[in-house]
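*Asks:* My questions will all concern the structure given below.
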Amino acid sequence: MIIKYRELPAKINGYEALLKRLSPRHPKRTAIKTSLHKARADYGGEERLDEALYFFDPPYAYQMIQDFSLDGPFKIQVDTVLITQSCVILLEVKNITGKLQFKQNPSLLHTISADGEVKSDTSPITQMDETALRVEKILRKVGYKLPVSSIMVVAHPSQIVEEVPRNCRILAVGDINFYLSTLNLPTPILSVEELHELGKTLLTFHQNVPAFPLAPKFQIEQSEIETGVFCPRCHLGKMERTTIAWECETCRLISRNAHLTALDEWFMLLKSSISTAECCGFIGMTNLETAKHFLLKNGCQPVGGRRYRHYTRQ
């Protein structure tokens, strides 16, 4: 059974918000668009894997975690973790267009585009092997001695894979369900109860790798980020505060909570904390006390004394 489902990566919303709040001629827009395109493509490949495993119903007991990650010393991210009574299998989706050539000594991945351009990058096989070692270490740490292996999943049939090392398993996304369903597993090491307990334990370890704030990662200053509340319908106009709501200056949409998105975007783009003065300046509030109540009402916790007080959100 699936014990954790995949969600839309928060960084996709972050990149979109950053583009929305930058000048159309900002020099960093191309880099941000590239990151956004990659994030969408990666998520699309992962969704194809999820669709392929929708009817996954093997003859063995299992637990499945979609999008498992750890920060800190282990720092791993796995698209899908399949836990069985005999072993753990890590599924890693690659959604890279063009021809893929795996090189050895040293281990590299060469990608060749349709126009013949060759790019060299770290081999995903090396990354997968390293992740498997770290997962084995995590399992031993909590008292489970299960072998861990990896499978690279090719998301699209247009991807051409060449020179695959013998010790690596690479499957097309359309083959993964049949392969896993007919897998001849070794003798069980765990009971069904221990399998479920291991799944619960790994879920307690899961941590989203911090993606925010984005502006510093692109070396964008706060002064370059446009302030205000943007219309959630037309996405073009800013909204003006009326007595009880916000009104779009372009399409005239009336909204009582459009400013909540602006608060989310502050944390995604600029800082992990916010003061009442910053809240007024970014969202467009005119009263510090109003800003204070707004922050407290929307999940922000005060930190520090009155003079230096700021607010954070988990």
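*Asks:* Whole number please: convex hull volume per residue of the Cα set in segment 2-205, in Å³?
*Replies:* Per residue, the Cα convex hull of segment 2-205 comes to 149 Å³.
*Asks:* Check cross-link reach from Lys137 to the lysines: straight Cα distance under 20 Å, and skip same-chain residues fewer than eight apart.
*Replies:* Lys75, Lys145, Lys200
*Asks:* Then there's this: Report, ordered by chain and residue number, the aspartates and glutamates lying within cross-link reach of Lys238, taken as a straight Cα distance under 20 Å and ignoring same-chain residues fewer than 8 apart.
*Replies:* In chain and number order, the partners are Glu16, Glu224, Glu226, Glu247, Glu249, Asp264, Glu265, Glu278.
*Asks:* While we're here: What does the highest-first list of 221-228, 94-101, 173-180, 301-308 look like by mean Cβ count within 10 Å?
*Replies:* 94-101, 173-180, 221-228, 301-308
*Asks:* Now for a different question. Would you mind pulling out the separation of the Cα centroids of segment 222-262 and segment 119-172, in Å?
*Replies:* Their Cα centres are 45 Å away from one another.
*Asks:* Here's a follow-up. Rounded to the nearest 500, what is the chain's calculated 222 nm mean residue ellipticity when only DSSP H runs of at least 4 contribute -39500 (n - 2.57) each, over all residues?
*Replies:* About -10500 deg cm²/dmol.
*Asks:* Another one. Where the centre of each part is set by its Cα atoms, how far does segment 10-49 sit from segment 57-99, in angstrom?
*Replies:* 24
*Asks:* If you don't mind, there's one more thing I want to ask. Report, to one decimal in Å, the Kirkwood hydrodynamic radius for segment 227-312 based on all distinct Cα pairs.
*Replies:* After inverting the mean inverse Cα-Cα distance, the result is 13.2 Å.
*Asks:* Could you state the orientation-averaged shadow area of the convex hull built on the Cα atoms of segment 1-95, in nm² to one decimal?
*Replies:* With every direction weighted equally, the projected area is 7.8 nm².
*Asks:* Still on this structure, please answer the following. What lysines could a cross-link reach from Lys103, if we take a straight Cα to Cα line under 25 Å and drop same-chain neighbours fewer than 8 places away?
*Replies:* Of all the lysines, those that pass the test against Lys103 - Cα under 25 Å, at least 8 places apart if same chain - are Lys38, Lys94, Lys119.
Rule-based calculations on the coordinates, nothing more; no lab input. Everything quoted here is computed from the prediction, not taken from an experiment. No Cβ is skipped: glycine too gets one built from the backbone with ideal geometry, and neighbour counts run over all protein chains shown.
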